[in-house]
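J.: Could you have a look at this structure, given as structure tokens, before my questions?
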Amino acid sequence: MARSYAPERERYRAHVADVSGPARSWCVRREVLALKVVALVGFLTLAALSAGDPRGMLLAGAAAVVSAVLALRDVLVPVRLRADAEGLVVARGFTGSERLPWSAVERIRVDRRTRLTSRTELLEIDTGEAVFLLSRFDLGAPCEQVADELRSFRTGC
């Protein structure tokens, strides 16, 4: 039986709409979603073209499924982070979210890693019990900029 995600979406929208005062939200950029859809179409085309090769079809089909799942998450939960004077709403899982009051947030920092020639940055929100990691692709903005804005929301300045 197919599972309906409508209750989770409504709960997420209720979290996002539950804001008093100024608020700021960060979401996946449309270009990133478009790239995932283009990848999905490309992998489906590749799977169709490799009809005589079972391994090629399997690999292209698996890549198409992964692309479809990632694109679907971007459609269902485009807003990954929202901040207001009372706290944060962070996307959690495939369609869920979690409301975090500022008192529960222990640390906000940007984790930078360099391996070989690539550099990654992740916004890290630590509550002591859970750590939420968001990339610039999740946020649609540089992680350091988002961290600075979150710190200003937290302190009220």
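J.: Counting just the residues of segment 125-156 that are touching a Cys at 6+ places or on another chain (Cβ under 9 Å) and in a strand (DSSP E or B), which one comes out surrounded by the most Cβ atoms within 10 Å (Cβ to Cβ)?
T.: Ranking the qualifying residues of segment 125-156, first place goes to 134.
J.: Might you let me know whether segment 81-99 holds any residue that is in contact (Cβ under 8 Å) with a residue 60 or more places away in the chain and among the basic types (Lys, Arg)?
T.: Yes, because at least one residue in segment 81-99 is in contact (Cβ under 8 Å) with a residue 60 or more places away in the chain and among the basic types (Lys, Arg).
J.: When you scan segment 71-81, how many residues do you find that are touching an Asp or Glu at 6+ places or on another chain (Cβ under 6 Å) and not in a strand (DSSP E or B)?
T.: Residues flagged as touching an Asp or Glu at 6+ places or on another chain (Cβ under 6 Å) and not in a strand (DSSP E or B) within segment 71-81 amount to 0.
The rows are residues; the columns are (1) in the same structural domain as residue 134 (by TED's automatic domain parsing); (2) surrounded by fewer than 17 Cβ atoms within 10 Å (Cβ to Cβ); (3) not in a helix (DSSP H, G or I).
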site	(1), (2), (3)
35	no, yes, no
48	no, yes, no
51	no, yes, yes
56	no, yes, no
59	no, yes, no
62	no, yes, no
69	no, yes, no
83	yes, no, yes
94	yes, yes, yes
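J.: Okay, next question. Which of (1) closer than 28 Å to residue 148 by Cβ; (2) at pLDDT 95 or above does residue 32 not meet, given it meets every other one?
T.: So residue 32 meets the others, but not (2).
J.: Still on this structure, I have one more. Across segment 105-125, what is the number of residues that are touching a Leu at 6+ places or on another chain (Cβ under 9 Å) and either under 16 Å from residue 27 (Cβ atoms) or touching a residue at least 12 places away in the same chain (Cβ under 8 Å) (or both)?
T.: 9
The values are calculated or read from the model by the stated rules, or taken from the named source; none is laboratory data. Note that the structure is predicted; figures quoted are calculated from it, not measured. Backbone-built Cβ (ideal geometry, glycine too); neighbour counts: all protein chains shown.
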